[in-house]
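Before any comments, here is the structure.
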Amino acid sequence: MQVKDFKEGEHVSIKLLISSLVKGATNSGAPYLTLTLQDSSKAIDAKLWDVKPEIEKNLEVGKVYNFDLEVIKYKSNLQCKVISVLPVSQNDINYDDYVFRSSIPTSVLRDSIQKGINTIDNENLAKIVTAALNYYDDKVYSYPAASKIHHNFIGGLATHVSGMLKIADCLCTIYPNIDRNYLTAGIIVHDLGKIEELSSPVVTEYTNQGKLLGHISIMDARLLEIGKDLKLEDSEELLVLRHMILAHHGQYEFGSPVRPETLEAELLFMIDNIDARINILDKALSEINEGEFTQKIFALDNRVFYKHK
């Protein structure tokens with residue numbers, strides 16, 4: 001059995017990974033833990049009430065434990081009540097059974113991004129993009145694109161970039177006035193700063209850099225550094241590419257220090273949004289049956305979505 005198979009009212013004994021742990025206290029002061037438990041199929045929220053200090057101190061995010069659970073429904077969502085939890089030898093754990101991975105093989109993602117680079121016939125842009133990818137190396141293909149919202153799985157960043165490149169390819173075919181060089185370069189590097197913003201591919205948290213600077217500022221600084229190394233710090237290519245990175249969230253309130261002021265910067269913002277939103281919706285719709293509505297999706301303006309037949 002996996003988490004995706006859980007049904008209301010079941011009693012389940014299962015090994016699961018703790019991907020988040022938050023301490024709390026009831027109105028009467030009794031301590032409890034809010035846990036997110038997961039295997040490779042799905043994550044689920046769980047409550048451990050009246051937690052004893054000796055139990056709490058032995059629970060760590062990123063480790064697998066054997067849980068005895070009662071599956072209940074709370075506000076239309078399945079949730080678990082933890083009856084008991086026991087340690088297991090981490091040496092015996094195959095962590096591939098407990099983490100989310102891209103459905104696209106790494107080799108395919110590498111080929112997709114390399115094909116994108118090969119379409120860039122502006123020498124300066126090609127040098128900058130290649131240097132940025134080389135700087136982050138294999139992390140480009142292991143990191144998620146976010147900690148929670150979209151493409152939040154191993155390989156999520158490269159999956160996101162690959163999807164965006166496909167959308168851009170279609171748009172460039174329809175609208176020949178789009179500069180494919182800039183759009184492709186912007187797509188490939190736009191989220192690489194997340195590799196420094198986020199802590200790791202598994203059990204992802206925000207680093208101090210991520211909290212204090214954010215991936216947009218991190219990548220802008222990285223591109224300037226790369227430009228200086230390549231003697232391209234005064235080139236228009238670097239200037240325009242940096243603008244695209246700084247503007248790719250589209251609005252000030254969404255974290256962009258500037259708004260898009262080139263055609264390709266505007267398209268980067270829109271394509272980023274399309275690919276992220278489709279990923280969010282795909283995940284939400286995959287968890288319900290035809291004829292049902294999703295729960296409210298915070299990242300999509302707290303709307304619900306219907307899964308038609």
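The values are calculated or read from the model by the stated rules, or taken from the named source; none is laboratory data. What you see is a predicted model; the values in this text were computed from it and never measured. Ideal geometry is used to build each Cβ from the backbone, glycine not excepted, and the neighbour counts take in all protein chains shown.
A single member of I149, I174, I178, I187 is within 14 Å of the chain's Cα centre (by Cα) and among the β-branched types (V, I, T), and it is I149. Listed conditions (1) buried (at least 21 other Cβ atoms within 10 Å of the Cβ); (2) under 23 Å from N122 (Cα atoms); (3) not small (G, A, S) are all met by E197, apart from (2). Taking each residue of the stretch 222-238 that is of a type in the set (A, V, I, L, M) and looking for partners that are not in a helix (DSSP H, G or I) with beta-carbon atoms closer than 6 Å, six or more apart or interchain, yields L238/L232. Scoring K194 on the criteria (1) among the charged types (D, E, K, R); (2) more than 14 Å from the chain's Cα centre (by Cα); (3) on the phi < 0 side of the Ramachandran plot leaves a single failure, condition (2).
Just a yes or no: is a residue in the stretch 277-290 farther than 24 Å from S102 by Cα, at pLDDT below 95, over 17 Å from the mean Cα position of the chain (by Cα) and not assigned by TED's automatic domain parsing to the domain that holds L171? Yes, the stretch 277-290 contains at least one residue that is farther than 24 Å from S102 by Cα, at pLDDT below 95, over 17 Å from the mean Cα position of the chain (by Cα) and not assigned by TED's automatic domain parsing to the domain that holds L171.
For first residues located in the stretch 265-293 and closer than 12 Å to F305 by Cβ, partners that are in a helix (DSSP H, G or I) and lie 6+ apart or on another chain with Cβ distances below 9 Å form the pairs R277/A299; R277/L300; I278/G163; I280/A299; I280/L300; L281/L300; A284/L300; E287/K4. Of the listed requirements (1) in a loop (DSSP other than H, G, I, E, B); (2) more than 25 Å from D96 (Cα to Cα); (3) among the small types (G, A, S), S200 misses just one: (2). Taking the stretch 48-70 as the range and being out of contact with any His (no Cβ under 8 Å at 6 or more places or on another chain) and within 27 Å of E8 (Cβ to Cβ) as the test, the residues that pass are L48, W49, D50, V51, I55, L59, V61, V64, Y65, N66, F67.
Taking helices (runs of 4 or more DSSP H) as the structural unit, those lying wholly within the stretch 101-196 and holding at least 1 residues that are over 25 Å from L246 (Cβ atoms) and either of a type in the set (K, R) or touching a strand residue (DSSP E or B) at 6+ places or on another chain (Cβ under 9 Å) (or both) correspond to 106-118. Every residue in the stretch 231-249 that is assigned to a helix (DSSP H, G or I) and either in contact with a helix residue (DSSP H, G or I) (Cβ under 6 Å, 6 or more places away or on another chain) or of a type outside the set (D, E) (or both), please. Of everything in the stretch 231-249, those that are assigned to a helix (DSSP H, G or I) and either in contact with a helix residue (DSSP H, G or I) (Cβ under 6 Å, 6 or more places away or on another chain) or of a type outside the set (D, E) (or both) turn out to be E237, L238, L239, V240, L241, R242, H243, M244, I245, L246, A247. Could you tell me whether the stretch 220-230 includes any residue that is in a loop (DSSP other than H, G, I, E, B), within 21 Å of the chain's Cα centre (by Cα), at pLDDT 95 or above and of a type in the set (D, E, K, R)? Within the stretch 220-230, none of the residues are in a loop (DSSP other than H, G, I, E, B), within 21 Å of the chain's Cα centre (by Cα), at pLDDT 95 or above and of a type in the set (D, E, K, R). Each residue in the stretch 42-61 was checked for being in contact (Cβ under 8 Å) with a residue 40 or more places away in the chain and exposed (fewer than 15 other Cβ atoms within 10 Å of the Cβ), and 2 pass.
Scan the stretch 41-52 and give yes if some residue there is aliphatic (A, V, I, L, M), under 19 Å from F153 (Cβ atoms) and at pLDDT 95 or above, otherwise no. No, because not a single residue in the stretch 41-52 is aliphatic (A, V, I, L, M), under 19 Å from F153 (Cβ atoms) and at pLDDT 95 or above.
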